[in-house]
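A quick write-up on the structure given underneath.
Read-outs: derived from the displayed coordinates by stated rules, not from any lab. No experiment lies behind these values; they were computed from the predicted model shown. Ideal geometry is used to build each Cβ from the backbone, glycine not excepted, and the neighbour counts take in all protein chains shown.
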Amino acid sequence: MTPNQADYLLRSLRLIEAVGRCGSFSTAALELGMTQPAVSQQVAQLEKLLGVVLFERRHRGVLATRHGQMLHATTSDVLAQLYSTMESIHDSHSRKMLTILTDYGFAANWLLPRLSDFEEKYPEFDVSLLTTQARRDAKIDHRNTPHDISILFGEDPHAHGVSSICLFQEEIVPICSALYFRTAGPFHEPQDLLSSKLLHLSGPDHQWFTWADWFGAIDNSLPLKSFQKNGLFFGNYPLLLQAVLQNQGIALGWRPLIDDLIKTGQIVSLSNKSIKSQRGYFIATDPQKKSHVDSFIQWILTHSHTS
């Protein structure tokens, strides 16, 4: 097929589809940016070429003949397939938005330091982070917080019919900054911590382990009221970690959120005894998840196993 023949075929497809759909040369002309006589003339030329009448001219508009209906149906299908193919090609090369819902602590202390690796491996993605203080087993309003993936702390949502994967099981150890350890330490026994300032993570419910939980698991002979003296209380974990780094006292450290800080020597683990629970960080997908979330899930599972 020559370029002239291809051009004529495409113009004919658009013309037949528009006239058959509109039922009028005038309306089709307005849609195609042509004059009514030009549309009428091109239809007449095509009818002459095919040797059949495609449209019956009437006082008001035109009516497709049997041959006209056949040609209109075919041209509509062809144009629809062309549009679908072009849209698929465009979508395959266009950037994809991946929206992740998580809490402040996980975003700041684990995800963000590693996110550049995901962007390097999957340059076609744009990542949007939404942060919340909600726990995993809290009811998330998807209309107000639309997301593709959630990584939230709490109980396993699988029990509530949600497809989920445990990324990290809850595990805590007491921590302080390296400078605080040198000036206030050493801390050989659990009771040695009580002579220092304890930093507490507070919340609306018993969402996290507390100092009472840790001391109770390690040495339940210590008086409960002593866990609260000389304390500072913080409403979110990044703020508590900032206080630790500023040598304000001793806090409970949640793994893996503290692992990078321990590796760099900024904070010190004060015990080889940790306590765990069935809670943790669970990754789950929106009920209407997009297919491209699988790339992120594969990536994060690889990183979680190497942390």
Is the C-alpha gyration tensor of region 169-278 telling us rounded, prolate or oblate? Criteria: a/c under 1.5 is rounded; beyond that, a/b larger than b/c is prolate, otherwise oblate.
rounded
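Quickly rank 25-32, 298-305 as a protection proxy: mean count of other C-beta atoms within 10 Å, highest first.
Working: 25-32: 18.2, 298-305: 14.2.
Result, highest mean Cβ count within 10 Å first: 25-32, 298-305.
Going highest first, how would you order 38-51, 73-86, 251-264, 269-282 by mean Cβ packing within 10 Å?
Answer by packing, highest mean first, reads 251-264, 269-282, 38-51, 73-86.
Mean 1/r over all different Cα pairs, inverted: what Kirkwood radius does region 3-93 give, in Å?
Details: mean 1/r = 0.0724 Å⁻¹.
The Cα-based Kirkwood calculation yields 13.8 Å.
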Cα centre as origin, Lys/Arg/Asp/Glu Cβ charges: region 169-278 dipole, Debye:
240
Most exposed to least, judged by fewest other Cβ atoms within 10 Å, 176, 166 sort to 166, 176
